[in-house]
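Right, one structure below, let's go through it.
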Number of protein chains: 6
Amino acid sequence: MADSLTHIDAKGNAQMVDVTAKAVTEREARAQACIRMQPETLAMIVNGEHKKGDVLAVARIAGIQAAKKCADLIPLCHPLMLTSIKVELTPDTENNAVVIEARCKLAGQTGVEMEALTAASVAALTIYDMCKAVDKGMVIGEVKLLEKLGGRSGHWQADA
Amino acid sequence: MADSLTHIDAKGNAQMVDVTAKAVTEREARAQACIRMQPETLAMIVNGEHKKGDVLAVARIAGIQAAKKCADLIPLCHPLMLTSIKVELTPDTENNAVVIEARCKLAGQTGVEMEALTAASVAALTIYDMCKAVDKGMVIGEVKLLEKLGGRSGHWQADA
Amino acid sequence: MADSLTHIDAKGNAQMVDVTAKAVTEREARAQACIRMQPETLAMIVNGEHKKGDVLAVARIAGIQAAKKCADLIPLCHPLMLTSIKVELTPDTENNAVVIEARCKLAGQTGVEMEALTAASVAALTIYDMCKAVDKGMVIGEVKLLEKLGGRSGHWQADA
Amino acid sequence: MADSLTHIDAKGNAQMVDVTAKAVTEREARAQACIRMQPETLAMIVNGEHKKGDVLAVARIAGIQAAKKCADLIPLCHPLMLTSIKVELTPDTENNAVVIEARCKLAGQTGVEMEALTAASVAALTIYDMCKAVDKGMVIGEVKLLEKLGGRSGHWQADA
Amino acid sequence: MADSLTHIDAKGNAQMVDVTAKAVTEREARAQACIRMQPETLAMIVNGEHKKGDVLAVARIAGIQAAKKCADLIPLCHPLMLTSIKVELTPDTENNAVVIEARCKLAGQTGVEMEALTAASVAALTIYDMCKAVDKGMVIGEVKLLEKLGGRSGHWQADA
Amino acid sequence: MADSLTHIDAKGNAQMVDVTAKAVTEREARAQACIRMQPETLAMIVNGEHKKGDVLAVARIAGIQAAKKCADLIPLCHPLMLTSIKVELTPDTENNAVVIEARCKLAGQTGVEMEALTAASVAALTIYDMCKAVDKGMVIGEVKLLEKLGGRSGHWQADA
């Protein structure tokens, strides 16, 4: 474990980490989010999916767009040129949930964890929005980094 | 429970709900998010807070700014003119977490749940960003609506 | 026909029209765009639609989001709070085209023609983007206002 | 002609094309749009141009700014760092139209067709906005790619 | 003089001022900025102005667009629906400067000083950008509120 | 001194400078802004700073975020991927002012002066916003480039 927060300078002020001198390497991150709901709510989403799939299609697009907005949302994130964004949404009828996995890639000087986490979070929020008229008690959880590749810190994986 | 998703029209296509004819009333929503971390990570945040408080100050600003961007992030949300946004972040040393509560208000034709949920989520993501160099395993969870006032559906409160 | 451009002041400089004193009335506008393509391209979209409909679903969302960004795109447009945005996309196999109709509404001090035209245009551009790998020669055309209701100038309809 | 849409994955879901492994090469695209209007409307624009040129100047800036917003407007576009954007607007008194040509360039991993098409479209929409008080029947058309250079697919030109 | 900062709550945390209960009244603000430069630089702008006026035309548009982005730039500003934005740029050959005056209006619950100040500042920055190849030593100054009308605090005017 | 404005082409029209062929080099710029106020206003900020520092913390974040938005604010700026943004705010009790210095860096094809100037300006505007309830007469001034490194034009420094 590092012993200090990289975004706080010696005077205790927030700053963007200077990555000017870091090597350009291929980087990738996978993150997840999960939204739990009433079984009837999930059934509406899933039935919709069999026909037109709009709730999940809209959430997927929202997640992809949010990854691109990450530096605008998270104050100390660097602007990045993502070369790949993928958002997958899987209904989990056993747990009355939709599980979201977002994966981002680029060749750059800094990692893309925040982009993946932002994509997963906003996809989950979009599902909430589209279903809130029938189920205000939905809960978003387990928003976390699953895996990270590339960069000086190398490969990192969440505990199973 | 309503029996259909309001954002899906009769053909199964996503649409923005038409609120043109709805009354302008005062509306309010409170939402929360929570981010769990290593005790050492929380200690760094809290010690920072005693001096300059930058992690929590930055997350608070990010949450406030995100509430204003809600309609840009969530595809079927209406553009709104929020009249109040509050984001409070409370370190919870017992559970090694920071608890975030966001509250939004306006006089308008549609509710502000998504604005409050977005503010809480982005504040949590910002904490992740600022602490990820020391703790990649942080988990955001319990992102949920706490309370909603105003509008036709009246007062709603999450189960305790 | 009015005899001067409202966005140019007496000195010839561009300006935003001052609508402070205009009445708040319900306003609505309908606009269309059309994108012509190879029959094989349209077949791919339509076949996709029967299964998951993603090209049209993505274009619909892009159009809705673009309507909200109108004041950011068109320099002299007023910021507005749209209360309804609808984007419909209809494959026209006879003319090898997709026809897009966008409709926007609000209660406000200025019309929503630009919002509807922007929504239709961006939906068409999104179809181009998603199909350009198979058909670079697609042409977007007939982007025009169909109808306008509300405001001092009253009802306006395009010639058939 | 390729035999599938690159933005739809094997399951039929929309995705951003992964360009991480593509070479960085110099790329360029030229696109056009055209807006037809009443002769009196064009005369107002042209007369203005002789003095201060504001309608065309504003439309040019709007087109340039829109090229930079392309990835925010078109859901599956990659964020790009354009190194050149040019927008030229030419009054065509014979056809009572303004013809817009936009040209974008960068050294990158993906083409800039959408940026050029977006610039041309938004410049046309801006002309509509500034002249709509005198001529609501203007029609935007022939929005199309003219030429594309660089990248694996090489040189492409629209049929004359 | 009030005795505390309205954007800091009792705990010392930044917050957006709650204006939900404030009356909707007509509000207006005028602000200025000034950019001083070499006489040769001003001559280039002025000569350009006599022909096509592009430097001042671009700066005017940038200022108008910036007023609309104010709530996105200034963290604790409320989102507003401006009903009028005017930006005037006057070359001042005696002082080798361009003087910018921005005026914003709306009927709303909060003042528009920040919108006017932001418009004036960004117009000045745009002039810097367009002339920096010939004159890096330009200085922007005297960015200040000139006048404010409407709202509870009434009429306010800067000392001459 | 160069003898023409680089953003104006031979026909007098505004354009973005084409930097496609320029070398990628490390570039850096430092800019400043200054906001003068009543001594009581500065005392409120400074006292706040000793406890929680929110005015300066919020202004710092606003400045950092604004640097990333530069190409969206300044019409002819290129989109850039900044690798470092630093904003420092120093209370100057002798002159009743807060002095802001912003520093931006990247490895790219064009300089980052506008990003640094924008960061400094928006940080100053944010201080104005947070203190305007107690002091409307604050004046922002001396917004200027301090130093510029890298690129063909090499090292440039403002006169002391």
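The values are calculated or read from the model by the stated rules, or taken from the named source; none is laboratory data. Keep in mind the model is a prediction, meaning the values are calculated, not measured. In this analysis, Cβ positions are derived from the backbone assuming ideal geometry, glycine residues included, and neighbour counts consider all displayed protein chains. Remember, those area values only see protein heavy atoms, side chains included, never the ligands or the DNA or RNA. Shrake-Rupley method; radii C 1.70, N 1.55, O 1.52, S 1.80 Å.
For the protein assembly as shown, the Kirkwood hydrodynamic radius comes to 27.8 Å, computed from all pairs of different C-alpha atoms. When a 1.4 Å probe is rolled over the protein heavy atoms, the share of accessible surface on the protein assembly as shown that falls to carbon and sulfur comes to 47 percent.
Label points for D:Thr20 are taken 7 Å from Cα along Cα→Cβ. From this copy to the others they lie 2.9, 2.9, 4.6, 4.7, 5.4 nm apart, shortest first.
Grouping the Cα pair distances of the range C:31-114 into 10 Å bins from zero gives a pair-distance distribution of 17, 42, 25, 15, 1 percent in increasing distance order. Across the identical copies, the label point of B:Asp159 (7 Å from Cα in the Cβ direction) is separated from its matches by 2.9, 6.4, 6.5, 6.5, 7.5 nm, in order from shortest.
Shown here: the range B:1-153, whose C-alpha atoms stretch 52, 31, 26 Å along the first, second and third principal axes, sorted largest to smallest. If you run the Gaussian network model on chain D, springs between alpha carbon atoms under 10 Å, then out of D:Gly63, D:Gly141, D:Gly12 the most flexible one is D:Gly12.
May I ask for the accessible area buried between chains A and B, both sides summed, probe 1.4 Å, to the nearest 100 Å²?
4800 Å²
Shielding value for E:110-117 is 3, the average number of Cβ atoms from other chains within 10 Å of each residue's Cβ. Quick check on my link table: of A:Lys144/F:Lys68; B:Lys144/F:Lys132; C:Lys136/D:Lys86, which ones sit more than 32 Å apart, alpha carbon to alpha carbon? In this structure, B:Lys144/F:Lys132 exceed 32 Å between Cα atoms. Spatial offset of the range B:93-124 relative to the range C:46-112 amounts to 29 Å, using the alpha carbon center of each.
Structural descriptor for chain A: relative contact order 35 percent, calculated from alpha carbon pairs under 8 angstrom and at least 6 residues apart.
Looking only at other chains, what is the average number of their beta-carbon atoms within 10 angstrom of each beta-carbon in D:98-108?
2
Remark: the protein assembly as shown carries 35 Å² of accessible area per residue (probe radius 1.4 Å; ligands, DNA and RNA excluded).
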